[in-house]
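Some notes on the structure that comes next.
What follows is calculated from the coordinates using simple rules that are stated; it is not laboratory data. Computed from a predicted structure; not experimentally measured. For neighbour counting, all protein chains shown are included, and Cβ atoms are generated from backbone atoms with ideal geometry for every residue, glycine included.
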Number of protein chains: 2
Amino acid sequence: MRLSSNHEVVIGSREQDKAAESCTTCYATVTKLGLPCTVSGLSNQDAVDRSDIVILAIPFRHIEPTLASLTGLDDKIVVSPINPIEKKEYFIYTPPSEGSAALLVKKLLPPRTRVCSAFNTVAANKWKALAEELDFAVPVCGDDPGAKAVVMDLVRSIPGVKAYDAGPLAVSSMVECLTPLLLNIARFNKMRDVGIQFR
Amino acid sequence: MRLSSNHEVVIGSREQDKAAESCTTCYATVTKLGLPCTVSGLSNQDAVDRSDIVILAIPFRHIEPTLASLTGLDDKIVVSPINPIEKKEYFIYTPPSEGSAALLVKKLLPPRTRVCSAFNTVAANKWKALAEELDFAVPVCGDDPGAKAVVMDLVRSIPGVKAYDAGPLAVSSMVECLTPLLLNIARFNKMRDVGIQFR
């Protein structure tokens, strides 16, 4: 929703009907606020084929089957906003043996694919509450300086969101584990949709 | 420095001369701003014996020898602000096999000692720059609700610092690894003494 006023957004889904539905909701919500909106709903493969930047907005457990089902990611910038977490009495970070979700994504894709992590720490409810102004930091990790610059510009294109270079993909675990920390902060301090700001 | 206007602070050191020196600097700096200051410099053991709350402001590698040299911590609240980190081309989190510095401290102390982690993420330079107003979050972890409440009150007694309950000691790794993240954010974005705020 927040990208569709400044970018051509393609929503992909395993079920094209679901993509079309998300697309309709996005268009209605954004245009209702008088903002422009360019969004289309396609299959995951069609979404990949049409895009320069692919944001893997999927749960951790879907990484392997989703990436195995797709081709043509070689020359793309792929963004992982994925946080491997589990909920017990509190939230814990449960990274795979690769060290982080972003490193798993990197391993499963061709070496040429330029993988970054970003958008890990902003709560879905905050993205969706379009009438609310955001005031959040988004740390970005990645090994390809050009791809990282593109992703940081993408982050900055959203009003109220600041992009920060958080280092190479090797330290994306530190960014991913912010999310269970923020969920615990929300839980134990009776807050909602907690995000971070650096200062 | 920032605690000495509202609390009786005892600085401990292996060398009592160093404690006395820190004490003199603290007193001069705080009273110069017209603030009250109660601080004394003692040996580590004397500092423990005089205190209700012991803040282990020591490097990670000193945890084992320091705790082995001390007695009388059984009934105290012990606060770990310690972050096990290493610097390569960037900062990484290097926790011990216990999972975090706080859990190592817990393991090395008698079961009755009430261990919390706190003060992990505020840069030393910010604490020291007394004329600067702070605007930071301090997450607090711990398993003893009473001790955690005392530590959160201690945090809140410092103007401009907000205390957040970040959950049990088991998740203190998530708080400790904020520090290398913040050091990387500072390094890669040409910032200094970066801290966090939740929002």
With respect to A:Ala131, determine if the residue is among the small types (Gly, Ala, Ser) and surrounded by 18 or more Cβ atoms within 10 Å (Cβ to Cβ).
no
Would you please name the residue that is surrounded by the fewest Cβ atoms within 10 Å (Cβ to Cβ), looking only at residues in segment B:35-49 that are closer than 15 Å to B:Asp74 by Cβ and of a type outside the set (A, V, I, L, M)?
B:Gln45
Just to verify a result, which residue in segment B:178-194, among those that are more than 7 Å from chain A (Cβ to nearest Cβ) and farther than 24 Å from B:Ala101 by Cα, is surrounded by the most Cβ atoms within 10 Å (Cβ to Cβ)?
B:Met191
From the list A:Pro159, A:Pro145, which residue is surrounded by fewer than 16 Cβ atoms within 10 Å (Cβ to Cβ), more than 10 Å from chain B (Cβ to nearest Cβ) and in contact (Cβ under 8 Å) with a residue 24 or more places away in the chain?
A:Pro159
Residue in segment A:74-104 that is surrounded by the fewest Cβ atoms within 10 Å (Cβ to Cβ), counting only those that are over 24 Å from A:Lys162 (Cβ atoms) and β-branched (Val, Ile, Thr):
A:Thr94
Could you count how many residues in segment B:79-100 are within 14 Å of chain A (Cβ to nearest Cβ), touching a residue at least 40 places away in the same chain (Cβ under 8 Å) and of a type in the set (S, T, N, Q)?
2
Result of the Cβ filter at 8 Å on segment B:128-142, keeping first residues that are within 14 Å of chain A (Cβ to nearest Cβ) and partners that are assigned to a strand (DSSP E or B) and surrounded by fewer than 17 Cβ atoms within 10 Å (Cβ to Cβ), at least 6 apart or interchain, is B:Asp135/B:Gln197; B:Phe136/B:Gln197; B:Ala137/B:Gln197
Positions within segment A:3-12 being buried (at least 18 other Cβ atoms within 10 Å of the Cβ) and free of Cβ contacts under 8 Å to residues at least 60 places away in the same chain, in sequence order:
A:Ser4, A:Ser5, A:Val9, A:Val10, A:Ile11, A:Gly12
Segment B:14-34, residues that are free of Cβ contacts under 8 Å to residues at least 60 places away in the same chain and out of contact with any strand residue (DSSP E or B) (no Cβ under 7 Å at 6 or more places or on another chain):
B:Arg14, B:Glu15, B:Asp17, B:Lys18, B:Glu21, B:Thr24, B:Thr25, B:Ala28, B:Thr31, B:Lys32, B:Gly34
State the number of residues belonging to segment A:148-174 that are of a type in the set (A, V, I, L, M) and under 15 Å from the mean Cα position of the chain (by Cα).
9
Out of everything in segment A:118-127 that is more than 12 Å from every other protein chain (Cβ to nearest Cβ) and in contact with a strand residue (DSSP E or B) (Cβ under 9 Å, 6 or more places away or on another chain), what residue ends up being surrounded by the most Cβ atoms within 10 Å (Cβ to Cβ)?
A:Ala118
Taking segment B:165-177 and the residues there that are without any contact (Cβ under 8 Å) to a residue 60 or more places away in the chain and surrounded by fewer than 23 Cβ atoms within 10 Å (Cβ to Cβ), the one that is nearest to B:Asn120 (Cα to Cα) would be B:Asp165
Segment A:16-71, residues that are closer than 19 Å to A:Ser117 by Cα and among the hydroxyl-bearing types (Ser, Thr, Tyr):
A:Ser51, A:Thr66
Taking the condition more than 8 Å from chain B (Cβ to nearest Cβ), of a type outside the set (Ser, Thr, Tyr) and surrounded by fewer than 19 Cβ atoms within 10 Å (Cβ to Cβ), does A:Arg199 pass?
no
